[in-house]
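The values are calculated or read from the model by the stated rules, or taken from the named source; none is laboratory data. Source: prediction; values computed, not measured. Protein only, heavy atoms only, side chains kept; ligands, DNA and RNA dropped before computing areas. Shrake-Rupley method; radii C 1.70, N 1.55, O 1.52, S 1.80 Å.
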Amino acid sequence: MAARSGRLGTWLKMLAVGGAVCIGGPAFVLWVQPTDEELFKKYNPELQKKSLERRYEKQKDFDDFVTQLKEYSKSDKPIWVVQKEAERKRKEEALRQDFLDAEEAKARKEAMRKESGLSSGSDS
């Protein structure tokens with residue numbers, strides 16, 4: 001019976017230590033970790049000013065990201081597939097717009113050549 005009480009004592013000690021580590025560890029981290037306001041107060045004034053200026057922009061970017069995720073989640077496809085498709089569509093649209101801009105610039109250049117009386121034979 002003495003051996004059993006020794007094992008029981010060991011188990012109780014281990015449960016107490018495990019509880020202290022599992023509960024006390026995160027509690028210690030929360031106690032030591034500074035809040036966002038404390039970190040912000042430690043910034044130098046120049047960084048505080050930049051942070052305040054960019055806060056709206058960052059919030060808007062985050063809101064746009066969440067809105068896109070909500071939109072992507074409406075599809076039956078996985079979100080990462082829908083994101084790749086949307087990215088591909090954006091790239092195609094950007095390429096199409098670049099092509100149209102180049103065509104417009106070429107047309108303007110040709111019109112300027114005709115207006116100034118230069119020949120349109122050379123393309124530089």
- With the other protein chains left in place, how much accessible area per residue, in square angstrom, belongs to the chain at a 1.4 angstrom probe? 94 Å²
- Karplus-derived 3J(HN,Hα) from phi for the range 56-72 (6.51 cos²θ - 1.76 cosθ + 1.60, θ = phi - 60°), whole Hz, x at Gly and Pro, runs 4, 4, 5, 5, 5, 4, 5, 4, 4, 4, 5, 4, 5, 4, 5, 5, 5
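Taking only the C-alpha atoms, wrap a convex hull around the range 54-111 and report its volume per residue in Å³ as a whole number.
Convex hull of Cα atoms, per residue: 106 Å³.
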- Message: Straight-line reach only, C-alpha to C-alpha below 26 angstrom: list the lysines that Lys70 could link to, leaving out same-chain residues fewer than 8 apart.
- Response: Lys58, Lys60, Lys84, Lys89, Lys91
- Using 0.36 nm per residue, how much length does the chain from Leu39 to Asp61 gain when fully extended, once their Cα-Cα distance is taken away? 5.7 nm
- What is the extension gain from Leu100 to Lys50, computed as 0.36 nm multiplied by their sequence separation minus the C-alpha to C-alpha distance, in nm to one decimal? 14.3 nm
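Residue separation times 0.36 nm, minus the C-alpha to C-alpha distance between Val81 and Ala111: what's the value?
Contour length minus the Cα-Cα distance gives 6.3 nm.
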- Message: Taking θ = phi - 60°, what integer Hz values does the Karplus form 6.51 cos²θ - 1.76 cosθ + 1.60 yield along the range 96-113, in sequence order, with x for Gly and Pro?
- Response: 4, 5, 4, 5, 5, 5, 5, 5, 5, 5, 5, 5, 5, 4, 5, 5, 5, 5
- Task: Any chance you could give the angle, 0 to 90 degrees and rounded to 10, that helix 2-32 forms with the longest Cα principal axis of the chain?
- Result: 40 degrees
- In whole Hz, the Karplus estimates of ³J(HN,Hα) for the range 73-81 (6.51, -1.76, 1.60; θ = phi - 60°; x where Gly or Pro) are 6, 6, 6, 6, 7, x, 4, 5, 5
- Note on the structure: A 1.4 Å probe over the protein heavy atoms gives the range 40-124 a carbon and sulfur accessible-area percentage of 55 percent
